[in-house]
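Here the structure comes first, spelled out in structure tokens, and everything after it is commentary.
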Amino acid sequence: MLSKNRFRRNLIASVLLVAALQFAVGCSDDPTNMVTLAASFQGAPSLPNTQGVAMSQSAAAGSTVTVAIDVIGVSDVYGASFRIVYDSVNWTFVSWAAGSALEQGGAAVRSEVVESDTGTLTIGTSRLGPVAGANVADRKALLLLTFRGALRSASPLTFESPVLFDASNPPQEISGLAWFGGTLVFQ
């Protein structure tokens with residue numbers, strides 16, 4: 001027969017175990033009421049006096065987040081080529097959409113986004129034909145990339161081999177630019 005003190009200790013331990021399990025699996029007092037996880041993106045902070053490319057959150061809904069690849073303060077932009085590396089265990093690439101940075105003046109634009117390896121997107125985008133480069137005085141989206149979170153995580157989203165090209169014939173790399181990634185968050 002258990003003593004009162006031993007019974008209380010066992011009861012307290014059981015209550016604490018249930019509370020810890022509820023926290024670990026993300027449920028409240030009601031086991032049918034699961035906590036909803038939300039996706040978001042944390043980009044670089046404000047970038048004053050910076051010329052380059054940075055990621056920012058464009059939209060988020062439930063488990064999906066759309067990340068804008070923004071050009072900031074760069075003149076004569078004709079195209080871009082880069083890879084995006086992400087955590088494919090915790091995140092799934094869903095889709096992409098064109099931004100408005102290269103479409104200035106009604107220019108035709110062609111973009112390709114290919115999931116070349118698991119966790120790597122190979123991206124190329126360019127204005128078409130003999131047109132001037134786009135002048136991006138402020139911040140405009142080059143492309144929008146949508147990801148879906150699968151597991152609770154904070155995972156880096158980074159650039160590899162990034163290049164912006166000018167409108168020279170043939171196009172030349174625009175040098176001296178900063179490139180900023182960020183973090184995909186699902187919690």
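The values are calculated or read from the model by the stated rules, or taken from the named source; none is laboratory data. None of the values given here were measured: they were computed from a predicted structure. Cβ placement follows ideal geometry from the backbone for every residue including glycine, while neighbour counts extend to all protein chains displayed. Side chains included, ligands, DNA and RNA excluded: accessible areas come from the protein's heavy atoms. Shrake-Rupley method; radii C 1.70, N 1.55, O 1.52, S 1.80 Å.
Of note:
- Complete set of residues in segment 124-148 that are under 17 Å from G106 (Cα atoms), part of a strand (DSSP E or B), touching a Lys or Arg at 6+ places or on another chain (Cβ under 9 Å) and small (G, A, S): S126, A134
- Selected residue (only one of R127, R110, R139 is surrounded by fewer than 17 Cβ atoms within 10 Å (Cβ to Cβ), of a type in the set (K, R) and either in contact with a Gly (Cβ under 7 Å, 6 or more places away or on another chain) or free of Cβ contacts under 8 Å to residues at least 60 places away in the same chain (or both)): R110
- Yes/no for D117 being under 24 Å from F41 (Cα atoms) and modelled with pLDDT under 95: yes
- Residue within segment 65-76 that is open to solvent by 40 Å² or more (accessible area, probe 1.4 Å), more than 20 Å from E173 (Cα to Cα) and modelled with pLDDT of 95 or more present: no
- Count of segment 126-144 residues which are more than 20 Å from P170 (Cβ to Cβ) and of a type in the set (V, I, T): 1
- Flag for I72 being closer than 20 Å to G43 by Cα and in contact (Cβ under 8 Å) with a residue 60 or more places away in the chain: yes
- Residue check for D117: acidic (D, E), open to solvent by less than 20 Å² (accessible area, probe 1.4 Å) and under 20 Å from the mean Cα position of the chain (by Cα): no
- Lone qualifier among L151, L121 - being closer than 30 Å to A38 by Cβ and assigned to a loop (DSSP other than H, G, I, E, B): L151
- V89 meets all of the listed conditions (1) of a type in the set (V, I, T); (2) surrounded by fewer than 18 Cβ atoms within 10 Å (Cβ to Cβ); (3) part of a strand (DSSP E or B) but one, namely (3).
- Within segment 146-179, the set of residues being buried (at least 18 other Cβ atoms within 10 Å of the Cβ) and farther than 15 Å from A80 by Cα comprises T146, F147, G149, S155, L157.
- The set of residues from segment 77-99 being closer than 21 Å to S168 by Cα and small (G, A, S) comprises G79, A80, S81.
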